[in-house]
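For reference, the structure discussed in these notes is given below.
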């Protein structure tokens, strides 16, 4: 792991002790801080660069779900691991739709927690088994039928599901940003979906992507 400066934002002292122990026992030269409330968390993120933020958006003092959108202003979503015991599907979907790429359950094994930390050094998404199964079994995925996606649209579905931005997709496919945006709109219309999380579920169910990129 390349990451040394780590924040743990969770009101449960047992969780803090457990995550600290896993980090200290498995990674060298880690500096761990535990802010006590949302304001302290934001102040720390404003004044220092952190490599990983562990946060339970449902169990952190005055932190409430709508504030999750604010975190990405101060630290890349790629460096945030949402670590939660709240496995209500609507809440998890909200987290996914807010742009968070790494979500693990507090029921996760030590191996899964370590793998989620190591995944920060990649561009892949990471969902623990519990979270992944919840998303797949929810009604946000669609029955797979022949949607007549073109070869280019299928490529774009794969890239979007892998977490690439519009600019990154345009660069890979030698297209303009405007063309990629148009393709994206057409894909969403064809599949009758409204957001990226639904697209990912479609890609998984259609076997367009390797599910190992999303969970361990």
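Within the stretch 114-129, the set of residues being in a helix (DSSP H, G or I) and under 14 Å from the mean Cα position of the chain (by Cα) comprises 115, 116, 117, 118, 119, 120, 121, 129. Among the residues of the stretch 38-55, those that are surrounded by 14 or more Cβ atoms within 10 Å (Cβ to Cβ), under 22 Å from the mean Cα position of the chain (by Cα) and outside any strand (DSSP E or B) comprise 38, 41, 42, 44, 45, 50, 51.
Within the stretch 154-211, can you find the residues that are part of a loop (DSSP other than H, G, I, E, B) and free of Cβ contacts under 8 Å to residues at least 40 places away in the same chain? Talk me through it step by step, then tell me what you get.
If we filter the stretch 154-211 for residues that are part of a loop (DSSP other than H, G, I, E, B), which is where we start, we get 162-165, 174-176, 192-195, 206-210.
165, 174, 175, 176, 194, 207, 210 - these are the residues of the stretch 154-211 that are part of a loop (DSSP other than H, G, I, E, B) and free of Cβ contacts under 8 Å to residues at least 40 places away in the same chain.
Please work out if residue 115 is out of contact with any strand residue (DSSP E or B) (no Cβ under 6 Å at 6 or more places or on another chain), exposed (fewer than 14 other Cβ atoms within 10 Å of the Cβ), farther than 17 Å from residue 134 by Cβ and in contact (Cβ under 8 Å) with a residue 24 or more places away in the chain. Steps first, please.
Working: out of contact with any strand residue (DSSP E or B) (no Cβ under 6 Å at 6 or more places or on another chain): yes; exposed (fewer than 14 other Cβ atoms within 10 Å of the Cβ): no; farther than 17 Å from residue 134 by Cβ: yes; in contact (Cβ under 8 Å) with a residue 24 or more places away in the chain: yes.
No; evaluated as a whole, the condition is false for this residue.
For the stretch 56-77, the candidate set comprises residues that are outside any loop (DSSP other than H, G, I, E, B) and crowded, with 19+ Cβ neighbours inside 10 Å; within that set, the residue that is modelled with the lowest pLDDT is 68. Looking at 96, 82, just one residue is surrounded by 15 or more Cβ atoms within 10 Å (Cβ to Cβ), closer than 27 Å to residue 28 by Cβ and within 10 Å of the chain's Cα centre (by Cα), and that residue is 82.
Residue 86 falls short on exactly one of the conditions (1) assigned to a loop (DSSP other than H, G, I, E, B); (2) modelled with pLDDT of 85 or more, and that condition is (2).
The values are calculated or read from the model by the stated rules, or taken from the named source; none is laboratory data. Since the model is a prediction, treat every value here as computed from it, not as a measurement. As a convention, Cβ positions derive from the backbone with ideal geometry for all residues, glycine included, and neighbour counts pool all protein chains shown.
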